[in-house]
Structures are given as C-alpha cells and as structure tokens.
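The structure's right below; bear with me while I get my questions together.
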Amino acid sequence: MISGRTFADRLAQHGFDFFTGVPCSLIEDLIAILERGERAPYVAAVREDAAVGVAAGAWFGGRRPVVLMQNSGLGTSLNALASLSLMYGLPVLLVVTWRGFGGKDAPEHILTGEISPKLLELLGIPHRVLAADSLDADLAWAATEMDARRSPVALLVPPKVVETGAVHSPGAGAALGSRVVPPPAPPSPLPPASMPRLTALGIALKAIGDDPVAHANGYICRESFSLADRPQSFYMIGSMGLAPAIGLGVALTQPRRRSIVFDGDGNLLMNLGILAMIATQHPANFVHLVFDNEVYGSTGNQASLSSGVRLDRMAAAAGFASAVAVTDPVSLEAALREALATAGPHFVLVKVTTEEADVPRIPYTPAVLRDRFRTAVHGG
C-alpha cells in the first residue's frame, strides 16, 4: 500500500504544486498530509465542481493542480469538466477514489462504482487505475499527458491502495486558528437600484486598471467585452457559478496581484459555498463584485432569489474583510476605492436595474481566451 506521505512526496516530485478537493476515506491519509501545506497549498472545497474551478484558476496562475474527489463527486463535476476544463483545455490531475469497486460497498456506491470508468471515457478524459507498485509511472504519465493534451487526466484509486488511519488531520480548528468574525448587524433596506449593469461595469473596469478579472457567464461577459476587451478578462462561456472559484485560484497563486470577480446574483446563488471557501482562505488580494439585477437575464428575466436575500450579509457572515451593498454610481466608486486600497477579501453587492444592452457575443474561441488570460496572469 501507498502511505499518504509517500503519495504526497511523489506528487511534489512530479511537479504537482496546488491541491484542492472534497475528502474521501479511501485517501484520508493523503489529504491529512496535504492539509498541512508543507510544500503546496491545499484548498478545502465545498463541492467538487468548485474545486475544478479553483484548480482552473491555479493553472492560470502558473501551477500544476490536482483535484481530489470521490467518484460520486465525478458526477457532481460533469458540467464543470465539460464546459470549463475540457472546453477551454485546462490541465488538471483528477485523483478519483473508486467507491463501489468490484460491486462491494454500501448501496449508494454500487451504481457509481460500476459506471465511473465509463463516465471518464464518455468525457474523453484519459485515465489509469492506480496500483501500489505503479505510483511513479502513473504520475509521470499524468503529468506528461495533461500538459501535452491541455486536458484533465484522471487516476482512479481503488480501495486498499492508499493507507488510511495512520495520519491525523489538523481539523478545522487548526486550519482556521482563533479568527473570530462578529455576527453581522441586521440589514437595513436598500434604496432602489438606479444604474444599469452596463454603467456599473464601466465604473468597475475603469477602477481596476490591469487587474485580472474572472467573469460570470452570460450578459456580464458580453457587456464587459463591449466596453473594454482586454487580455486580463477571462470570459466564462459555460460553467455557471464558477467565476469566483477561478478567481480564488488566481488570487492564491498570484498573491502580488489583485484578483477580481465580476459575478451575477444567479451565478452566486448556484454556488453559495464558495463564500465560505474564500473567507477561510482570506486572500488579501481578492475583490468579489456581484452585479445583482434580481433576475436571470439570459433566459427571459425569471426572478432570482436575491430579491429576498441580502448576498452582502451572507458574505459578511462568512467572514469577508468587508461586505457592502451599493445602488448608485457614486457609492460604487467609493466602495471600489476602499476595496482596492485595503486588504481583503472584499465583497461588493452592486444592485443594478434589469436593463440589458444590445451587445455582441464574445468572438474568441475558448483556446484563445485561455491562452491570452494565462499569459496576462502568469506570463505564459
């Protein structure tokens, strides 16, 4: 069997230097070692698709990332893998534990265990089954394949290949220390939004200068593009909800640069757990703007839940350094000045009207968007 320490050491030797994921008991010792962060950061994810997004941001920041997940999480990650990692061509090693292997496990794992290799084949993700005596060969293969293909690759990890129970996790208390966030004050009513999103985006783009920005998919991308196309802008085509995960990966791997996210209310509501992930990593260089029009504009203006939920209060409760809400241009400019001048993470809820500009679609291919953003963030 492979010890958690040996597995972690071999990953480092093969150039893997950023880790994120959701735990599984089949690799508990490996995760316990990675949580210590002795060689590279480990970002605990609330969902596997969020981990895929963070890994994408880490790759943009120049790292060779790994996502750890149970095979049930492979199902959770299908859209993120298909419309982010595979569509854009973003290398990542997926270490996928194989619950239900050989039809022997709890009932909820049997079907997933049976179809796990088929899911990877259906996605076109190259994969191998890890064995105790093939670790180095499999990691060398993975590193070569993911870099050459610009694609995810996977190692399926059956039971009893990696040791368990010998290494203890530091736990949440050790990870977070004694940082205490006071409870938020009761929210006061906001005045009605007085600016279209296009106006708000123009103010934000002017304020941030050359900072990299991960955009939520939909009209946020298209309106931002129409105002100022820039290589520092990563336009999301699919993978709704993952823009802040990508921005977090960029922030953690490029700590000397600000990492900005242009998000939407529907996008954030789809991935609320990311607020906890951001706050517990407390990246000082992270600014999260949510342009909230209280509707799903790309699909016909159906109402979102943000009309009854103060997203800024959620960010405050999660532990952001600051979380404010604005409804007019003057307040937005003031909020951006403060956020860009002080240590974050910062959250700015930008209430906007439902007006949408008549703007073109993004003309670039996913590969062009990938390459120019990585060059702008990392240099190549």
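The values are calculated or read from the model by the stated rules, or taken from the named source; none is laboratory data. Not measured: the values here are computed from a predicted model. Ideal geometry is used to build each Cβ from the backbone, glycine not excepted, and the neighbour counts take in all protein chains shown.
With (1) more than 24 Å from GLY247 (Cα to Cα); (2) in contact with a strand residue (DSSP E or B) (Cβ under 6 Å, 6 or more places away or on another chain) as the list, and VAL43 as the residue in question, which single condition is left unmet?
Of everything listed in (1) more than 24 Å from GLY247 (Cα to Cα); (2) in contact with a strand residue (DSSP E or B) (Cβ under 6 Å, 6 or more places away or on another chain), VAL43 misses just condition (1).
Between LEU78, LEU84, which is assigned by TED's automatic domain parsing to the domain that holds ALA166, within 15 Å of the chain's Cα centre (by Cα) and either surrounded by fewer than 17 Cβ atoms within 10 Å (Cβ to Cβ) or without any contact (Cβ under 8 Å) to a residue 12 or more places away in the chain (or both)?
On the way: LEU84 fails: either surrounded by fewer than 17 Cβ atoms within 10 Å (Cβ to Cβ) or without any contact (Cβ under 8 Å) to a residue 12 or more places away in the chain (or both).
From the options LEU78, LEU84, the qualifying one is LEU78.
Kindly indicate whether any position in the stretch 70-79 is touching a Cys at 6+ places or on another chain (Cβ under 7 Å) and either over 24 Å from PHE234 (Cα atoms) or basic (Lys, Arg) (or both). First the steps, then the outcome.
First, the residues of the stretch 70-79 that are touching a Cys at 6+ places or on another chain (Cβ under 7 Å): 70.
Imposing the further condition that a residue be either over 24 Å from PHE234 (Cα atoms) or basic (Lys, Arg) (or both) reduces the set to 70.
Yes, that holds for at least one residue.
At pLDDT 90 or above, of a type in the set (D, E, K, R) and closer than 18 Å to ALA142 by Cβ - does that describe any residue in the stretch 39-46?
Within the stretch 39-46, none of the residues are at pLDDT 90 or above, of a type in the set (D, E, K, R) and closer than 18 Å to ALA142 by Cβ.
Considering every residue within the stretch 315-323, establish whether at least one is assigned to a helix (DSSP H, G or I), farther than 23 Å from VAL22 by Cα and either modelled with pLDDT of 95 or more or not assigned by TED's automatic domain parsing to the domain that holds VAL52 (or both). Spell out how you get there, then give the answer.
The initial filter retains those residues of the stretch 315-323 that are assigned to a helix (DSSP H, G or I), namely 315-318.
With the extra rule that they be farther than 23 Å from VAL22 by Cα, the set shrinks to 316.
Subset that is either modelled with pLDDT of 95 or more or not assigned by TED's automatic domain parsing to the domain that holds VAL52 (or both): 316.
Yes, the conditions are met somewhere in the stretch 315-323.
Considering only the stretch 132-158, state which residues are over 26 Å from the mean Cα position of the chain (by Cα) and either assigned to a loop (DSSP other than H, G, I, E, B) or in contact (Cβ under 8 Å) with a residue 24 or more places away in the chain (or both).
Passing the criteria: ALA132, ASP133, SER134, LEU135, ASP136, PRO158.
So, SER134, is that one among the hydroxyl-bearing types (Ser, Thr, Tyr) and over 15 Å from ARG10 (Cα atoms) or not? Show your work before the answer.
Details: among the hydroxyl-bearing types (Ser, Thr, Tyr): yes; over 15 Å from ARG10 (Cα atoms): no.
So SER134 fails the test.
Which one of the conditions (1) outside any helix (DSSP H, G or I); (2) crowded, with 23+ Cβ neighbours inside 10 Å; (3) free of Cβ contacts under 8 Å to residues at least 60 places away in the same chain does ALA214 fail to meet, given that it meets all the rest?
(3)
I need the full set of residues from the stretch 62-75 which are surrounded by fewer than 23 Cβ atoms within 10 Å (Cβ to Cβ), over 20 Å from ARG39 (Cα atoms) and touching a His at 6+ places or on another chain (Cβ under 9 Å), in order please.
If the condition is that a residue be surrounded by fewer than 23 Cβ atoms within 10 Å (Cβ to Cβ), over 20 Å from ARG39 (Cα atoms) and touching a His at 6+ places or on another chain (Cβ under 9 Å), then SER72 is the only one that fits.
Looking at this structure, is VAL330 within 25 Å of ALA44 (Cβ to Cβ), surrounded by fewer than 23 Cβ atoms within 10 Å (Cβ to Cβ) and more than 21 Å from the chain's Cα centre (by Cα)?
Numbers: within 25 Å of ALA44 (Cβ to Cβ): no; surrounded by fewer than 23 Cβ atoms within 10 Å (Cβ to Cβ): yes; more than 21 Å from the chain's Cα centre (by Cα): yes.
So VAL330 does not fit the description; no.
May I ask you to say which residue of GLY75, GLY62 is on the phi > 0 side of the Ramachandran plot and not polar (S, T, N, Q)? Steps first, answer last, please.
Values: GLY75 fails: on the phi > 0 side of the Ramachandran plot.
The conditions single out GLY62.
Could I ask something else about it? Can you tell me which residue in the stretch 290-305 is modelled with the highest pLDDT, limited to those that are crowded, with 21+ Cβ neighbours inside 10 Å and among the polar types (S, T, N, Q)?
Top of the filtered list is ASN293.
May I pose another question? Can you tell me which residues in the stretch 342-380 are in a loop (DSSP other than H, G, I, E, B) and of a type in the set (A, V, I, L, M)?
Of everything in the stretch 342-380, those that are in a loop (DSSP other than H, G, I, E, B) and of a type in the set (A, V, I, L, M) turn out to be ALA343, VAL352, ALA357, VAL359, ILE362.
Please find, within the stretch 87-129, the residue that is surrounded by the most Cβ atoms within 10 Å (Cβ to Cβ) out of those that are part of a loop (DSSP other than H, G, I, E, B) and modelled with pLDDT of 95 or more.
Applying the filter and picking the extreme gives LEU90.
Next question. So, in the stretch 49-80, how many residues would count as being of a type in the set (Ser, Thr, Tyr) and outside any loop (DSSP other than H, G, I, E, B)? Show your work before the answer.
First, pick out the residues of the stretch 49-80 that are of a type in the set (Ser, Thr, Tyr): 72, 76-77.
From what's left, outside any loop (DSSP other than H, G, I, E, B): 72, 76.
Within the stretch 49-80, residues that are of a type in the set (Ser, Thr, Tyr) and outside any loop (DSSP other than H, G, I, E, B) number 2.
Further question: Name the single residue, out of those in the stretch 219-241 being within 17 Å of the chain's Cα centre (by Cα) and of a type in the set (Gly, Ala, Ser), that is nearest to TYR296 (Cα to Cα).
Taking the stretch 219-241 as the starting set, the residues that turn out to be within 17 Å of the chain's Cα centre (by Cα) are 233-241.
Next, from what is left, pick out any that are of a type in the set (Gly, Ala, Ser): 233, 238-239, 241.
Working: SER233: 22, GLY238: 15, SER239: 15, GLY241: 13 Å.
This residue is GLY241.
Being assigned to a strand (DSSP E or B), at negative phi and not hydroxyl-bearing (Ser, Thr, Tyr) is the filter here, so list the residues in the stretch 1-30 that pass it. Spell out how you get there, then give the answer.
Step one: filter the stretch 1-30 for residues assigned to a strand (DSSP E or B), giving 2, 18-21.
Checking which are at negative phi leaves us with 2, 18-20.
Across the stretch 1-30, the qualifying residues are ILE2, PHE18, PHE19.
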